[in-house]
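Input: a single structure, listed below in structure tokens.
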Amino acid sequence: MGSIRNSDTMGALFMDFRFQGQRCREYTALTDTPANRKKLEKVLAKIESEINAGTFVYANYFPNSKALKRWAQADNGKEAATALAQTGDEVVAPQTAALVVEPKATGPLFCDFATQWFEEHKIEWRRSHIRSLLSTINSRLVPHFGAKVVSSITKSDILAFRATLAKVKGRGDKEGLSPKRINEIIGTLCQIMDEAADRFEFTTPTTNIKRLRVRKVDVDPFSLQDVQSILATVRPDYLHYFTVRFFTGMRTGEVHGLKWRYVDFERRLILVRETFVLGEDEYTKTDGSQRDIQMSQPVFEALARQYEVTGKLSDYVFCNLMGAPLDNKNFTDRVWYPLLRHLGLEERRPYQMRHTAATLWLAAGEAPEWIARQLGHTSTEMLFKVYSRYVPNLTRQDGSAMERLLASRLATGQVIRTEEGGGGAGLRPVHTDLYAPALPPPQAVPKPRGMHKPAPGSGSISGAISGATSRRPTDIVLPAVHTKGESQAPPDPWMRSGLRTAARASA
């Protein structure tokens, strides 16, 4: 599979492809830009299509190439070999003509190399990932590419295979696999082919194969009212289980694999150290999933009551009558979905209980860093990306908090106290460090069109409005005993001028 590359010495793009078993490089004068790469990719795709069809003529695309002499000599050698090989009705030993014919693709068959690649890398993976890869390789990749030599697989082959995945039967009555599943299959194929290309020295055919766009799926958490309804209706033997899941945000495997030795009642902590996957205890999903979850009071009480039931029966906190961990499918089919249908709630996966815990914490105003630690996230990026849109609906923080803050800080004026001045000077203003809501500055009232100006004191509506808006703010007289407030913004200029005028009048 060819590729478009950039020359470090010439600073221009060139095409790198294979023809008749030999590697070809044809340079251009185009700079490395996305537009130029796209143009050359179209040309290269056409070239490889003709090579596969056996109709490619080198001189048609590169008439000035120095490689034309090499292909001319090869063509002459082929004609000579063909003439020598034909002796009547017999053909000479194939070794005679093998010197000039195109060499065969190198490397092992795909099925053999895929098995080798899997055995070499499975030590790096969890059992659940190993099971998924085995299913992908055995049911999807080997049936399609197994009989091909790894170096003979082209980009066109991979793209054609990807197109067939969109038409095969999916889950239930769906036609075609989901984009997410297709990306997983092609991703595994690309890993195998990249490793093969590196070992057997051929150009990988996976260059510039883009992932399909996966539609974003919104989380669908329960409201606090829904949680209360569920806890009030659920079977008594599952009440404590639901309480822990709704108010800790633990993953399904984490809560099913929770053991009593990881429950610290003294410090009120749940130590997440293991997860239960495919019938066995394993290390958590990531290193960041190793965490200590703080127990709220409902969780503490639920675990204390649960200990009376299963504390001596099993090592696991939540278990069946045999003391084994709960089976997720059995719980989902026999408890979870029947409960949602009974309450008339929209059906959703049990994993939404984890999302519910996150949104409830955010709604309560908990620090995002603390919430991320409780959920097992290494940063708050995932928290804000997934859950932030639920915060305004749950907390009603839709900008009104900022409005109240600005109103309390900006729309204020200084409180002034009047006292008797010495020497019979009368009352004089005394400035304080208190501020109170101030009246807005007087606004001019436009004269109504088609009406005469009313006489002062005429009692008309416009006159009353004019008189009310033309009043200046007066001093606020405080009682003898008062409590000082916090310092705020200085008064507006119009209030300062009003204070100076009042001071001169009193003097």
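Brief remarks follow.
- Filtered trypsin sites (Lys or Arg not before Pro), the range 174-245: DSSP coil and at most 11 other beta carbons within 10 Å: 174, 210, 213, 215, 216
- Once C-alpha pairs closer than 8 Å and six or more residues apart are averaged by separation and normalised to the residue number of the range 309-372, the relative contact order reads 14 percent.
- Cleavage-rule hits, GluC sites (Glu not before Pro), the range 174-278, DSSP coil, Cβ neighbours within 10 Å at most 11: 201, 266
- Computed from the C-beta positions of residue 128 and residue 49 and an R0 of 51 Å, the FRET efficiency is 0.80 to the nearest 0.05.
- Each residue of the range 263-273 was assigned a 3J(HN,Hα) from its phi angle through the Karplus expression (A = 6.51, B = -1.76, C = 1.60, θ = phi - 60°), giving 9, 9, 5, 5, 8, 6, 10, 10, 8, 8, 10 Hz with x at Gly and Pro.
- Using a cutoff of 8 angstrom between alpha carbon atoms and counting only pairs six or more residues apart, the relative contact order for the range 134-226 works out to 26 percent.
- Protein heavy-atom surface of the range 162-276, 1.4 angstrom probe: 48% of the accessible area is carbon and sulfur, with nucleic acids and ligands not counted.
- At an R0 of 41 angstrom, the distance between the Cβ atoms of residue 106 and residue 370 translates into a FRET efficiency of 0.10.
- Using the Cβ-Cβ distance between residue 8 and residue 120 with R0 set to 25 Å, the FRET efficiency works out to roughly 0.15.
- Between residue 281 and residue 178, residue separation times 0.36 nm minus the direct Cα-Cα distance comes to 34.1 nm.
- Annotation note: chymotrypsin sites (Phe, Trp or Tyr not before Pro) in the range 245-285 located in DSSP loop regions with a Cβ neighbour count of at most 14 within 10 Å are 265.
The values are calculated or read from the model by the stated rules, or taken from the named source; none is laboratory data. Being a predicted model, the structure only gives us computed values, none of them experimental. All Cβ positions, even for glycine, are placed from backbone atoms using ideal geometry, and neighbour counts span all protein chains on display. What goes into the accessible areas is simple: the full protein's heavy atoms, side chains included, and nothing from ligands, DNA or RNA. Shrake-Rupley method; radii C 1.70, N 1.55, O 1.52, S 1.80 Å.
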